[in-house]
Structures are given as C-alpha cells and as structure tokens.
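Sharing a structure with you now.
The values are calculated or read from the model by the stated rules, or taken from the named source; none is laboratory data. Since the structure is predicted, the reported quantities are computational estimates derived from the model, not experimental observations. No Cβ is skipped: glycine too gets one built from the backbone with ideal geometry, and neighbour counts run over all protein chains shown.
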Amino acid sequence: MKTETQLTRMSPPMRSRWIERRATRALELEGSERVLVIGFGKGGGVRRLMRRLPWGYVSGVDPSAAMVRRAKRRNRRFMRGGLVDLRLGNASHLPWPDATFDAVVAVNATELSEAKRVLKDDGCISIALQGAPERGDQIVKKLWHSGFVCVRSRVGRAKAVYATARAA
C-alpha cells in the first residue's frame, strides 16, 4: 500500500494508473463478465482487466484518438481474439445497446446516464475521480439521481474519490 507522500510524488500518469487499479479492484468480478471501461487511456487497465476475465469481454471508449491508437496497439492480441473492443467516443454517447454490460469502470468521467443504460440489472459501476475529494457528495447524488442503488463513496489516497453502485 502506497503512503500519501509516495502518491503525491508520483508522476500524474503513474498516479492515474494506481487510481484506475483501485477502481477496477472494487468490481466484484468472477471471470466471465462483460465490462465497459470509460476513459481507458493507454489501455494498461484493459490489459489488467483481461487477466481477471479469462472468459470475459472488455469494451471501452476514450475521447482521445491518440489514446485509442495506443490502447489498440497494447491490446492487439486480445482484439484479434475478439475479446476487446476499443472505440473513440465519450461517455455521453455510448454506441452499445441497452443492458449490454455486467460492469462499468469510469476513470475521471462523470457522465452516468448512458452508463446506467448499458448496464444490466444488478450490474456494478466503479468510478474514480483523481484530485477531486470535494466532488464525492456530488458523485453520490448523480448516482442516486441516475437510478443507481447501494451507492458508496470514499475519499482515498492521492485525494481521489472512489464510488461504487449497483444498477436497479
């Protein structure tokens, strides 16, 4: 476990990776789920998720074309096998049908209505917001208003807000 001092000394990309790992670990995965990653960046988190999902599937959207290219390169083996689908896009317009995913991981993304739409009933969402401890209550309210239940949030190390909830 990293101390607060170690986290503040990390470079922003290292801190983002650490925060993403924490958000992903909060999901209760059994190995065969379909998971959506909103804001996958360079794709390292997608690769780590695939290690936890030997029979699963990961899709993702990221608003940066450069990040999508890098993530696709990093995950090309899984993409060739049809286990990963990474697309250019944002959280407010997800190109998948209703109730497609068992879980959603969102890193530094707060658009939740579309995430709720693509989640199956009783699906889980895990959100991490870097450097925004004052936004914890705001995220909880957004989750409740979007129709999520069992909402939990906490401020963790590196002043990140973590929230989890279930789709009703």
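Filter the range 158-168 for residues that are outside any strand (DSSP E or B) and within 18 Å of the chain's Cα centre (by Cα); which is nearest to V118 (Cα to Cα)?
Looking at the filtered set, the residue picked out is A160.
May I ask you to list pairs of residues, at least six apart or on different chains, whose Cβ atoms are under 6 Å apart, with the first in the range 61-76 being free of Cβ contacts under 8 Å to residues at least 60 places away in the same chain and surrounded by 14 or more Cβ atoms within 10 Å (Cβ to Cβ) and the second being assigned to a helix (DSSP H, G or I) and aromatic (F, W, Y)?
none
Among the helices (runs of 4 or more DSSP H) confined wholly to the range 42-112, which include 1 or more residues that are over 24 Å from Q138 (Cα atoms) and of a type in the set (F, W, Y)?
Of the helices (runs of 4 or more DSSP H) lying wholly inside the range 42-112, those with at least 1 residues that are over 24 Å from Q138 (Cα atoms) and of a type in the set (F, W, Y) span 76-80.
Of everything in the range 58-111 that's out of contact with any Gly (no Cβ under 8 Å at 6 or more places or on another chain) and among the aromatic types (F, W, Y), which residue is farthest from I125 (Cα to Cα)?
F78
Does the range 82-89 include one or more residues that are crowded, with 21+ Cβ neighbours inside 10 Å, farther than 25 Å from V149 by Cβ and in contact (Cβ under 8 Å) with a residue 24 or more places away in the chain?
Looking for residues that are crowded, with 21+ Cβ neighbours inside 10 Å, farther than 25 Å from V149 by Cβ and in contact (Cβ under 8 Å) with a residue 24 or more places away in the chain, one finds at least one in the range 82-89, hence yes.
Please enumerate the residues belonging to the range 12-58 that are surrounded by fewer than 22 Cβ atoms within 10 Å (Cβ to Cβ) and of a type in the set (S, T, N, Q).
T24, S32 - these are the residues of the range 12-58 that are surrounded by fewer than 22 Cβ atoms within 10 Å (Cβ to Cβ) and of a type in the set (S, T, N, Q).
Given L27, L53, L83, which one is closer than 24 Å to T110 by Cα and among the hydrophobic types (A, V, I, L, M, F, W, C)?
L27
Which residues, counting only those in the range 32-53, are under 16 Å from R76 (Cα atoms) and not aliphatic (A, V, I, L, M)?
F40, G41, K42, G43, G44, G45, R47, R48, R51
Next up: Here is a check on your reading of the model: is A115 crowded, with 23+ Cβ neighbours inside 10 Å, at pLDDT 95 or above and touching a strand residue (DSSP E or B) at 6+ places or on another chain (Cβ under 7 Å)?
Against the criterion (crowded, with 23+ Cβ neighbours inside 10 Å, at pLDDT 95 or above and touching a strand residue (DSSP E or B) at 6+ places or on another chain (Cβ under 7 Å)), A115 does not qualify.
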